[in-house]
Amino acid sequence: MLMRKLGRSGLRVSALCLGGNTFGWTTDQKASEAVLDAYMDAGGNFIDTADVYSRWAPGNAGGESETVLGAWMSARRNRHDVLIATKVMGAMGSGANDTGLSRQHIMAAIEASLRRLQTDYVDLYQAHWDDRETPLDETLRAFDDLVHQGKVRYLGASNHHAWRLARALWESDKRGYARYESLQPKYNLVFRDEYERELEPLCLEQGVGVIPYSSLASGFLSGKYRPGGALPATARAGGVQKTYMNDRGFAILDAVEKVAAAAGATPAQVALSWLAHRPGITAPIASATSVAQLRELLGGIELRLDEEATTALDSASAWRDA
């Protein structure tokens, strides 16, 4: 599989980051392990999760995805071959200090994640969201301490505005802290402006690796949502209907499907290829609930669109003209 460096670090990650949000939620241990095994067999090494996955599901308390991954790595004895990216910030309890990016919460959260993952280090530890209520220096110092303790190899940010990411990079440089080497923004063919307006030039200039989530717009860009058609029986369908099922969304999907037909590919592969080969993108994150879905995603990373196809997609989804 295509490998890329993460930010300015020396870490080499596969160009498809496997999303772990379905593990312990819509895929049980057995189904998750089948997808994970197939991903590793294909040369993948980069898996994204979070401590709050999947706290939102009825009966779950959070940590289910990490628990699935920990059991899989323990059974396969493959920890050395896997790069685990997890996150901290979301509420993991009802206590006043069970959320946020305070030193208290970060130090407690990393220990809980390590127990669930059955490991003594995390390869990429990410601030899941920004925390304006905690002094930035407190957050960055806590993360830096974890790097020095060997419990974390590299640091990343997720869901940060450009000015806050720039401030964090400046603070880290000023104080000699380990910096955020990656950014995880929401970014896809339909949802472009929030990242491209300010975050893209910042990440390119500062050499921050970008690992976008919602790469297929929660499945909308796979083509299974049709105007006036019945919604798929999936947990994400309601959100897709509210966010993407509109005139602009379907116009972009139409362009994707035309390119897919010409390229002999699926719409999901075209949408993923467009994203994976954008300037500055390290590895799109995409999840799979079956081996067949995973193979389709891998095909999207391998697919290289020609200039005509890329221009057609750029034009159909351009936010500056919207």
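Quick grid of which residues meet (1) touching a Ser or Thr at 6+ places or on another chain (Cβ under 9 Å); (2) touching a residue at least 40 places away in the same chain (Cβ under 8 Å); (3) outside any helix (DSSP H, G or I); (4) within 22 Å of A85 (Cα to Cα):
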residue: K224; (1), (2), (3), (4): yes, no, yes, no
residue: P227; (1), (2), (3), (4): no, no, yes, no
residue: Q241; (1), (2), (3), (4): no, no, no, no
residue: F250; (1), (2), (3), (4): no, no, no, no
residue: V259; (1), (2), (3), (4): yes, yes, no, no
residue: Q269; (1), (2), (3), (4): no, no, no, no
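Residues in the range 164-180 include none that are open to solvent by less than 70 Å² (accessible area, probe 1.4 Å) and within 29 Å of T27 (Cα to Cα). Of the listed requirements (1) over 20 Å from S113 (Cα atoms); (2) open to solvent by less than 10 Å² (accessible area, probe 1.4 Å); (3) out of contact with any helix residue (DSSP H, G or I) (no Cβ under 8 Å at 6 or more places or on another chain); (4) not in a helix (DSSP H, G or I), Y195 misses just one: (4). Residues in the range 292-315 that are open to solvent by less than 40 Å² (accessible area, probe 1.4 Å) and among the hydrophobic types (A, V, I, L, M, F, W, C): L294, L297, L298, I301, L303, L305, A309, L313. Restricting attention to the range 12-35, the residues being buried (at least 20 other Cβ atoms within 10 Å of the Cβ), more than 22 Å from A271 (Cα to Cα) and hydrophobic (A, V, I, L, M, F, W, C) number 2. Restricting the range 80-101 to residues that are touching a residue at least 40 places away in the same chain (Cβ under 8 Å) and open to solvent by 10 Å² or more (accessible area, probe 1.4 Å) leaves a set whose member that is nearest to Y53 (Cα to Cα) is M92.
When the range 100-111 is filtered for residues that are more than 21 Å from the chain's Cα centre (by Cα) and not in a loop (DSSP other than H, G, I, E, B), the ones remaining, listed by number, are R103, Q104, H105, M107, A108, E111. Checking A265, A283, A288, A316 one by one, the residue that is modelled with pLDDT of 95 or more, at negative phi, assigned to a helix (DSSP H, G or I) and of a type outside the set (D, E, K, R) is A316 and no other.
Across the range 198-222, the number of residues qualifying as more than 22 Å from V256 (Cα to Cα) and free of Cβ contacts under 8 Å to residues at least 60 places away in the same chain comes to 6.
With respect to A233, determine if the residue is open to solvent by 20 Å² or more (accessible area, probe 1.4 Å) and part of a loop (DSSP other than H, G, I, E, B). Yes, satisfied. Given the criteria basic (K, R), exposed (fewer than 15 other Cβ atoms within 10 Å of the Cβ) and free of Cβ contacts under 8 Å to residues at least 12 places away in the same chain, does K5 qualify? Answer is no for this residue. The lone criterion from (1) assigned to a helix (DSSP H, G or I); (2) within 27 Å of R295 (Cβ to Cβ); (3) open to solvent by 30 Å² or more (accessible area, probe 1.4 Å) left unmet by L204 is number (2). If you go through the range 137-163 and keep only what is open to solvent by less than 20 Å² (accessible area, probe 1.4 Å) and either part of a loop (DSSP other than H, G, I, E, B) or hydrophobic (A, V, I, L, M, F, W, C) (or both), you end up with L140, A142, F143, L146, V152, L155, A157, H160, A162. Scanning the range 238-247 for residues that are farther than 12 Å from R226 by Cα and either over 24 Å from the mean Cα position of the chain (by Cα) or open to solvent by less than 70 Å² (accessible area, probe 1.4 Å) (or both), we see that the one that is modelled with the lowest pLDDT is G238.
The values are calculated or read from the model by the stated rules, or taken from the named source; none is laboratory data. Since this is a predicted model, take the numbers as computed values, not measurements. So basically every Cβ, Gly included, is an ideal-geometry build from the backbone, and we count neighbours across all protein chains shown. These accessible areas exclude ligands, DNA and RNA; they are computed on the full protein's heavy atoms, side chains included. Shrake-Rupley method; radii C 1.70, N 1.55, O 1.52, S 1.80 Å.
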